[in-house]
């Protein structure tokens, strides 16, 4: 959604909003000529500072609250610590009376959602339209999203800790795509996995965990 559109929507509905701004030379000048102090929020390997100013972009009809976060790396040389003051900046326009770091953390939660969308898109092909029928495409999308949710629940409840962060692509590559054969004996179907299968123990533990649901 374009910057002016979401601002107009939020203010028109009288709801709070946070939106990221492009870091321009005009905005940088406004931030660094503002007399307000930078507040340091994190003072570890990465230094994080922030400040809030009133700023009016060229396309706005009035000034608005803008919070800026700047980050720099801290490094050690000959037992003396230095900060690399080549700052990275992030600016956000918003309506909340929060500290800059709270605004920054709140906004960046959406990065998680973007990762979920990317996983659903590239892992389950939700972006592909298989037919010319709206209803059929809707059903196809719902099935894919259902499969995605099942996979996330499966990881949460049945996978070992290192695998809980696997994407579906990595899970398929390392767990599913393994050489094996089905054998049939005494009315039983048995899957025999190659002895060199790296995740054999984890795979068997996941199978046993799922069986407990029966």
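Counting only alpha carbon atoms, the long axis of helix 200-211 and the longest principal axis of the chain meet at about 80°. Of the candidates 15, 126, 101, which one comes out as most mobile in a Gaussian network treatment of the chain with C-alpha springs shorter than 10 Å? Fluctuation is largest for 15.
Per residue, how big is the convex hull of the chain when only Cα atoms are used? Give it in Å³.
Numbers: hull volume 53.8 nm³, N = 214.
Measuring per residue, one finds 251 Å³ for the Cα hull of the chain.
Pulled fully out, how much extra length does the chain show between residue 183 and residue 156, if you take 0.36 nm times their separation in residues and subtract their Cα-Cα distance?
Here the answer is 6.6 nm.
Once the Cα atoms of helix 134-158 and of the chain are each reduced to a long axis, what angle between those two axes, in degrees from 0 to 90 to the nearest 10, is obtained? Computed tilt is about 80 degrees.
Quick one: 89, 185, fewest Cβ neighbours within 10 Å first, how do they rank?
Details: 89 13, 185 7.
Listing 89, 185 from fewest to most nearby Cβ atoms yields 185, 89.
Diagonalising the gyration tensor over the Cα atoms of the range 3-108 and scaling each eigenvalue by 5 before taking the square root yields semi-axes of 29, 14, 11 Å, largest first. Cα axis of helix 110-124 to longest principal axis of the chain: angle in degrees, 0 to 90, nearest 10? Helix 110-124 sits roughly 30 degrees off the main axis of the chain. Remark: spin-label model distance residue 129-residue 6 equals 2.5 nm, labels positioned 7 Å along the Cα→Cβ axis.
Can you run the Rg to Rh ratio on the range 113-211? Use alpha carbon positions and the Kirkwood inverse-distance Rh. The partial results should precede the final answer.
Values: Rg = 16.5 Å, Rh = 15.7 Å.
With Rg and the Kirkwood Rh in hand, the quotient comes to 1.06.
Only the coordinates and a few stated rules stand behind these numbers; no lab work does. Since we're looking at a predicted model, the values are computed, not measured. With ideal geometry, Cβ positions are generated from the backbone for all residues, glycine too; neighbour counts draw on all protein chains shown.
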